[in-house]
Amino acid sequence: MDAVEAANSGHPGMPMGMADIAVVLWSKYLKVDPEDPQWPDRDRFVVSNGHGSMLLYALLHLSGFPLSLDEIRNFRQWGSHTAGHPEIDHALGIETTTGPLGQGFGTGVGMAIAEEHLRARLGSELVDHRTFGFVSDGDLMEGISAEASSMAGHLGLGRLIYFYDDNDISIDGSTDITFSETVEQRFEALNWHTETIDGHDRDAIARAIDAALAVEDKPSLIVCRTHIAHGAPKAQDTAAAHGSPLGDEEIKKTKELMDFPTEPTFLVDENVYSFFDEALNRGREARAAWLERFDNADNDARELWNSLYEPQPVEIKGPGFETGSSMATRASGGQLFEEIAEKVPGFIGGSADLAGSTKTVIEKGRLFSVKDRTARDLAFGIREHAMGAAVNGMAIHGGLKPYGATFFVFSDYMRASLRLSALMGAPSTWVYTHDSIFLGEDGPTHQPIEHLASMRAMPHLWVIRPADANEAVAAWNIALNRRDGPVALVLTRQNLPTMDPVVGGVQRGGYVVTDGEDVTIIATGSEVHVSVEAADRLAGSGISARVVSLPCWELFMDQDADYRTQVLGTAPRVSVEAAATFGWSAIVGDRGLSIGIDRFGASAPDTVLAEKFGFTGGAIAARVKEFLGS
Ligand SMILES: Cc1ncc(C[n+]2csc(CCOP(=O)(O)OP(=O)(O)O)c2C)c(N)n1
Ligand SMILES: [Mg+2]
């Protein structure tokens, strides 16, 4: 109450409404040790209703995590660690970024998958923890939770326990106006164990947790009937308590009703600290026991542990692609999977029901399932959004290097998770195939147009669109070695000719493929080889064209100015990309030419589309000539 009041913004309702649940969970069950917030075998605690961030901060502070009372006083202020919504900070005990409702729900599912998988590979001596989460009406209304709960139930994630803040309130008022399904029945149908309790009855909360812990083969949803802003005489059970400070008068009355001193603000009784301190002995002891088990673990387990949790830089060589041969970049990527799986023990992932099309299979015939927890191929089902969140959950859990794959156009369905991977700096790999109109006959619903531009606009995400098999190998190496953020690999459906490999070219974001002085043609992916063809034609007309491959803008922009000018040259610039031209003026300049597609595509064979949309060597050469006025 005091922190929200001091900030004059924030959400007092949820923290007050879920406080009873939080206290029981943290004091009696949660296995964490404030002395090492990043202890790998800690229980994970996810606040999916991230607007209730103050509850998390309060718990961390009271439990002795390195989050001071000053941080609480500075709630929502510039430079504080107590942002409006939780922002991932493992050193402080903030497990994941939440706020976009439903994301935490899906992220927690990924954490639970990671735990099941790692426990199966490393043994329960080393991996033996749970994922607890708080979810709200908003989380359960969001579509992502439908996908994620279905997936979790199907996979029988018994170590996943969520508490539903069933308070009948959301921002616009009573949930009567929006939400009338029977949540218990819905989750039971999805193979979840459910309990329904009074969320302010601490004995009932404990009993429900005990029951959930006993169910090892299903995730659990504890439906907690609660009152938003519990204990505030006027604000309780009102939508206003969701997102408005209570006001001095209401806070005073609430404290009085609770027999709590009204002054000073931010008062914490020493007994509260000692209560949590004592309670968390459980976590301290658990970590001490774990450290001992770790020391006594056999060499194989230790070695596997280190390879998973302290991965070294890796170099994937690929089978050696012959110059002049022809192959789709999805296919050349797919040919690396065996080598990746061998060299990156934490490599795990799958697609949203498109494994055959995205060519993302690690080991044919085996899938992560209730029966096979060590399999590294995941069948996410047709659930792109939950796939995105689950991959993030695995990526930030530690020990794994996960990817998720689908058609590029369907990245729209998971964009919120993609954005969170970038915001969190999660090392998730996004594999997007069928990357342009040249997927052909499936037509404009399946043909991405604006996706490259929109992904490039996302801070901290590296978007790589390789031009051939060798660039695809380099792109995968970049993705596998990035630890502080996500990489999107944008790959073709159709075959592309393999060019001579250029060492370090992709790593620097862009490089010269063929040199020339009169004009610089800058292309990505499948448009590089046609641009080379255009340059050959232009040579016939006495125009010397340079062709630059620019697979990754972000890496290129990170190069020093000298390198960039050296690559782009001083001649007039033309960009060629079978996608929206939006953004290209940053590269070609105001007077440059951008050849692209600023409309939706069409259903036809790819060769026809190349003709119609002007992506043949001849058409590009003609446009360049016209542009140069020659
Ligand atoms: C994806 C998304 N849409 C909308 C919002 C804005 N928003 C924040 S909380 C909320 C709903 C609040 O209701 P509930 O989830 O029941 O939380 P409670 O008020 O009970 O704490 C909404 C719409 C959001 N954070 N994320
Ligand atoms: Mg609610």
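Any read-out appearing in this document is the output of simple, stated calculations on the displayed coordinates, not a laboratory observation. Since the structure is predicted, the reported quantities are computational estimates derived from the model, not experimental observations. All Cβ positions, glycine included, derive from the backbone under ideal geometry; neighbour counts span all protein chains shown.
Please list, in order along the range 597-612, the HN-Hα scalar couplings obtained from phi with the Karplus expression 6.51 cos²θ - 1.76 cosθ + 1.60 (θ = phi - 60°), rounded to whole Hz, x for Gly and Pro.
For the range 597-612, the Karplus curve yields 9, 9, 7, 6, x, 7, 8, 5, x, 4, 5, 5, 4, 4, 5, 5 Hz.
Once a ≥ b ≥ c are taken as the square roots of the eigenvalues of the Cα gyration tensor of the range 40-98, is the result rounded (a/c under 1.5), prolate (a/b larger than b/c) or oblate (a/b not larger than b/c)?
Values: a/c = 1.72, a/b = 1.26, b/c = 1.36.
Oblate, since a/c reaches 1.5 and b/c is not below a/b.
Could you point to the residue in Ala488, Ala416, Leu439 farthest towards the positive end of the range 410-514's charge dipole, with +1 and -1 charges on the Cβ of Lys/Arg and Asp/Glu respectively?
Ala416
Which shape class applies to the range 518-630: rounded if a/c is under 1.5, otherwise prolate when a/b exceeds b/c and oblate if not, where a ≥ b ≥ c are the square roots of the Cα gyration tensor eigenvalues?
Oblate.
Out of the range 1-79, which chymotrypsin sites (Phe, Trp or Tyr not before Pro) are coil in DSSP terms and have no more than 10 other C-beta atoms within 10 Å?
Listed in order of number, the matching sites are Trp78.
Percent antiparallel among DSSP beta bridges with both residues in the range 105-241, to the nearest 5? Mind dumping the intermediate values first?
Details: 2 of 20 bridges.
Approximately 10 percent, going by the DSSP bridge assignments.
Among Ala288, Tyr57, His154, whose Cα sits farthest toward the positive end of the charge dipole of the chain (+1 at Cβ of Lys/Arg, -1 at Cβ of Asp/Glu, about the Cα centre)?
His154
Quote the relative contact order of the chain in percent (integer), defining contacts as alpha-carbon pairs under 8 Å separated by 6+ residues. Please list the in-between numbers first.
Numbers: 1358 pairs, mean separation 74.4, N = 630.
12 percent.
Could you name the aspartates and glutamates in cross-link range of Lys625, using Cα to Cα under 12 Å and dropping any fewer than eight places away on the same chain?
Candidates past the 8-residue exclusion: Asp518.
About its Cα centre, how strong a charge dipole does the chain have in debye, to the nearest 20, once Lys and Arg get +1 and Asp and Glu get -1 at the Cβ? Let's see the in-between values first.
Working: 52 positive and 89 negative charges, 332 e Å.
Around 1600 debye, computed over the chain.
Once the Cα atoms of helix 384-397 and of the chain are each reduced to a long axis, what angle between those two axes, in degrees from 0 to 90 to the nearest 10, is obtained?
It works out to around 70 degrees.
Taking the Cα centre of the range 10-146 as origin, work out the dipole magnitude from +1 charges on Lys and Arg Cβ and -1 charges on Asp and Glu Cβ, in debye rounded to 20. Could the numbers behind the result be given before it?
Numbers: 9 positive and 18 negative charges, 26 e Å.
So the magnitude is around 120 debye.
Would you mind counting up the charge near Tyr309? Only other residues with Cβ under 13 Å from its Cβ, with Lys and Arg at +1 and Asp and Glu at -1.
Values: positive: Arg121, Arg302, Lys401, Arg483; negative: Asp41, Glu303, Glu310.
Once positives and negatives cancel, what remains is +1.
So how do Asp518, Asp259 line up by other beta-carbon neighbours within 10 Å, fewest first?
On the way: Asp518 17, Asp259 6.
With the fewest neighbours first, Asp518, Asp259 line up as Asp259, Asp518.
Which of the three applies to the chain, rounded, prolate or oblate, going by the alpha-carbon gyration tensor with a ≥ b ≥ c and a/c under 1.5 meaning rounded?
On the way: a/c = 2.24, a/b = 1.86, b/c = 1.20.
It is prolate, given that a/c is not under 1.5 and a/b is the larger ratio.
Name the residues whose placed amide hydrogens come within less than 5 Å of the amide hydrogen of Ala375, ignoring near sequence neighbours (fewer than 5 apart) on the same chain.
For Ala375, whose amide H was placed from the backbone, the distant partners under 5 Å are Ser369.
Over what distance in Å are the Cα centres of the range 17-94 and the range 127-146 separated?
About 17 Å separates the Cα centre of the range 17-94 from the one of the range 127-146.
Starting from the Cα of Lys317, draw a straight line to each of the lysines and keep only those under 25 Å, dropping any in the same chain fewer than 8 residues away.
Lys343, Lys359, Lys364, Lys401
Of the trypsin sites (Lys or Arg not before Pro) in the range 460-547, which ones lie in a loop per DSSP and count no more than 14 other C-beta atoms within 10 Å?
Numbers: sites: Arg482, Arg483, Arg493, Arg508, Arg537, Arg546; in loops: Arg482, Arg483, Arg493, Arg508.
Hits after loop and neighbour filter: Arg483.
Based on the Cβ-Cβ distance from Asn306 to Val272, what FRET efficiency comes out when R0 is 41 Å, to the nearest 0.05? Spell out each step's value before the answer.
On the way: r = 40 Å, r/R0 = 0.97.
With a Förster radius of 41 Å, E is 0.55.
Using a Förster distance of 25 Å, how high is the FRET efficiency between Gln38 and Trp78, based on the Cβ-Cβ distance and rounded to 0.05?
0.45
Based on DSSP, what percent of beta bridges with both residues in the chain are antiparallel, to the nearest 5?
Working: 8 of 62 bridges.
Roughly 15 percent of the beta bridges in the chain run antiparallel, per DSSP.
Any idea what % of Cα-Cα pairs in the range 125-204 are farther than 19 Å? Working shown, then result.
Working: 1328 of 3160 pairs.
The share of Cα pairs beyond 19 Å in the range 125-204 comes to 42 percent.
Between helix 270-279 and the chain, what is the angle of the helix's C-alpha long axis to the longest principal axis, kept within 0 to 90° and rounded to the nearest 10?
70
Put +1 on the Cβ of each Lys and Arg and -1 on the Cβ of each Asp and Glu in the chain; which of Ala6, Ile597, Val24 then has its Cα farthest toward the positive end of the dipole?
Most positive-ward Cα: Ile597.
If each residue of separation counts as 0.36 nm, what is the full-extension length gain between Ala288 and Ser325 once their alpha-carbon separation is subtracted? Write down the numbers at each step before the final one.
Working: separation 37, 0.36 × 37 = 13.32 nm, distance 5.71 nm.
Gain on extension, Ala288 to Ser325, equals 7.6 nm.
Which angle from 0 to 90°, rounded to the nearest 10, does the C-alpha axis of helix 415-424 make with the longest principal axis of the chain?
Once rounded, the angle reads 80 degrees.
To the nearest 0.05, how large is the calculated FRET efficiency for Ile177 and Asp500 if R₀ is 56 Å and r is the Cβ-Cβ distance?
On the way: r = 64 Å, r/R0 = 1.14.
Computed FRET efficiency for Ile177 and Asp500 comes out at 0.30.
Measure out, as a whole number of angstrom, how far apart the alpha-carbon centroids of the range 523-600 and the range 452-499 sit.
17
Mind checking which lysines have their C-alpha under 17 Å from Lys218, skipping anything on the same chain fewer than 8 residues away?
Straight-distance partners of Lys218: Lys371.
For Thr97, Thr82, what's the fewest-to-most ordering of other Cβ within 10 Å of each Cβ?
Values: Thr97 24, Thr82 28.
The fewest-first ordering by Cβ neighbours comes to Thr97, Thr82.
Please list, by residue number, every one of the trypsin sites (Lys or Arg not before Pro) in the range 261-356 that is coil in DSSP and has at most 11 other beta-carbon atoms within 10 Å. Spell out each step's value before the answer.
Working: sites: Arg282, Arg284, Arg287, Arg293, Arg302, Lys317, Arg330, Lys343; in loops: Lys317.
Filter output for the range 261-356: Lys317.
How big is the charge dipole of the range 485-544 about its Cα centre, in debye rounded to the nearest 20, if each Lys and Arg gets +1 on its Cβ and each Asp and Glu gets -1 on its Cβ? Don't skip to the answer; put the middle values down first.
Working: 3 positive and 7 negative charges, 63 e Å.
The calculation lands at about 300 debye.
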